[in-house]
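Novice: Right, I'll just put the structure down here and ask away after.
The values are calculated or read from the model by the stated rules, or taken from the named source; none is laboratory data. Because the structure is a prediction, the values reported are computed rather than measured. When we count neighbours, we look across all protein chains shown, and the Cβ atoms used for this are built from the backbone with ideal geometry, even at glycine. For the accessible areas, the whole protein counts, side chains as well, though only heavy atoms, and no ligand, DNA or RNA atoms are used. Shrake-Rupley method; radii C 1.70, N 1.55, O 1.52, S 1.80 Å.
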Amino acid sequence: MLTGPELLAKVKELGDVSKSELVRECGYVSSKKDGSERLNFTAFYEALLNAKGVNLGADGAGQGKGGRKLSYTTRIQFNGNLMVGKAYTAMLDLKPGDEFEIKLGKKADQVDPFGQHRRGVSSRLV
């Protein structure tokens, strides 16, 4: 994938070609699961804007909006299960099969992953 001055030079060189051909010639192509070609228009246009000096964000172009803010609360589901979202498990570096210790206290309840509670990693139940 071309970037910077090389991308600008290639766009000028190609002149009046279709948008699809422009994206393809600049290397913004990937393969789908079925083996067919996928043209990455968004990545191409972001790189083109970057090459022209347009910055799409202080922490890097194309990194997304960051999603929703974490609330650090959860609810018991109708079937009695306690669900912990992916964002929380990723933050604690947890893998499927990891176990927790539930500590009930006077002021707050805590859920501590086994082996990590000594490092100060814990979650409070509300």
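Novice: State whether the residues of the range 8-22 include one that is open to solvent by less than 50 Å² (accessible area, probe 1.4 Å), in contact with a strand residue (DSSP E or B) (Cβ under 6 Å, 6 or more places away or on another chain), touching a residue at least 12 places away in the same chain (Cβ under 8 Å) and not small (Gly, Ala, Ser).
Specialist: no
Novice: Another one. Residues in the range 23-40 that are in a helix (DSSP H, G or I) and open to solvent by less than 70 Å² (accessible area, probe 1.4 Å): how many?
Specialist: So the count comes out to 1.
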